[in-house]
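Structure record follows, encoded as C-alpha cells.
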Amino acid sequence: MSVEPLPGPEYTRVWNRFFADFSFRAGNDPLLWPGIAEPPGSVTWRLAALDKHPEYQLLDWMVSVIREGLTSCADELYALDWHHESYRLATTAKDWPLSPFPDGDYHIYLTPDFRLGTFGHPWEYTICVFGEELVTAISAELTLILGKPLRRSA
C-alpha cells in the first residue's frame, strides 16, 4: 500500500469514529470552535503567520515538519478531507494526497488507532497536533514557524 482511497464502508466507519471520538462539529460559527474536543496534551496554533510569506516558505516548512513528525511516529495514516475523498496511506509514500493545511476544508491526519494526528480547521485558521509522541516531535519547530500556541489541552 502506498496511497489508497478509502472505500465506502471504511470511509463511513472512519468518519463515524472520528465524529464520536473527537466530538467533531463542523461550522464556521466561532461558537462551534475549536471544532473537536481537543485530546489531552494537544497543542493548537494559529496559521496567520503563514500569510506573511506569500512565497509559501513557511507553509512549505510547516508541511515538511508535520510530515516528518508523522513519519517518525507512524507507518500508516488516514488522510481525511471533509466531504471529499479520504485516504489510507503509508507514511513512506512519496506523494501524500492532502496537505495538513486546511485549504478551505477540514484536513485531518490520524493513525488508524486514532492515537495521534493533526486537525486543520479552515475557519478558525488553526492546526491542532495531538498525541504525546507527535507533539513532542514537532511542537518546538512548529512554534518557530507559527509562533506561540493558541492553546494547550490539559
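The values are calculated or read from the model by the stated rules, or taken from the named source; none is laboratory data. Because the structure is predicted, anything quoted here is derived from the model rather than measured. Virtual Cβ from ideal backbone geometry, glycine too; neighbours counted across all protein chains shown. Protein only, heavy atoms only, side chains kept; ligands, DNA and RNA dropped before computing areas. Shrake-Rupley method; radii C 1.70, N 1.55, O 1.52, S 1.80 Å.
From its DSSP helices (H runs of at least four residues, each -39,500 (n - 2.57)), the chain gives a residue-normalised ellipticity at 222 nm of -10000 deg cm²/dmol. Within region 95-153, none of the chymotrypsin sites (Phe, Trp or Tyr not before Pro) combine a DSSP coil assignment with at most 10 other C-beta atoms in a 10 angstrom radius. Positive-end ranking of Thr71, Ile138, Tyr87 along the dipole of the chain, with charges on Cβ about the Cα centre, is headed by Ile138. Approximating the spin labels as points 7 Å out from Cα along Cα→Cβ, the Glu10-to-Trp33 distance works out to 3.4 nm. From the coordinates of this entry, semi-axes √(5λ) of the Cα gyration tensor in Å is computed, and it appears in (1) 22, 18, 15; (2) 30, 14, 13; (3) 38, 24, 14 under the label (1).
On full extension, the segment bounded by Arg115 and Gln57 gains 17.9 nm, given 0.36 nm per residue less the C-alpha separation. In this structure, Asp95 and Ala154 have a Cβ-Cβ separation that, at R0 = 25 Å, corresponds to a calculated FRET efficiency of about 0.10. Using the Cβ-Cβ distance between Asp103 and Phe19 with R0 set to 22 Å, the FRET efficiency from 1/(1 + (r/R0)^6) comes to roughly 0.50. In a DSSP loop and with at most 15 other Cβ atoms within 10 Å, the GluC sites (Glu not before Pro) in region 1-91 are Glu55, Glu85. Relative contact order for the chain: 32 percent, from Cα pairs under 8 Å spaced at least 6 residues apart, divided by residue count. When Arg88, Arg17, Arg46 are compared by accessible surface with a 1.4 Å probe, the order from highest to lowest is Arg46, Arg17, Arg88.
Could you give the distance between the Cα centres of region 122-154 and region 70-86, to the whole Å? Each part reduced to its Cα centre gives a spacing of 17 Å. Dipole size of the chain about its Cα centre, with +1 on Lys/Arg Cβ and -1 on Asp/Glu Cβ: approximately 420 debye, rounded to the nearest 20. The trypsin sites (Lys or Arg not before Pro) of region 97-154 that meet both conditions, a loop assignment by DSSP and at most 15 other Cβ atoms within 10 Å of the site Cβ, are Arg115. Once the Kirkwood radius over Cα pairs is known for region 105-154, the Stokes-Einstein relation at 25 °C and 0.890 mPa s delivers a diffusion coefficient of 213 µm²/s.
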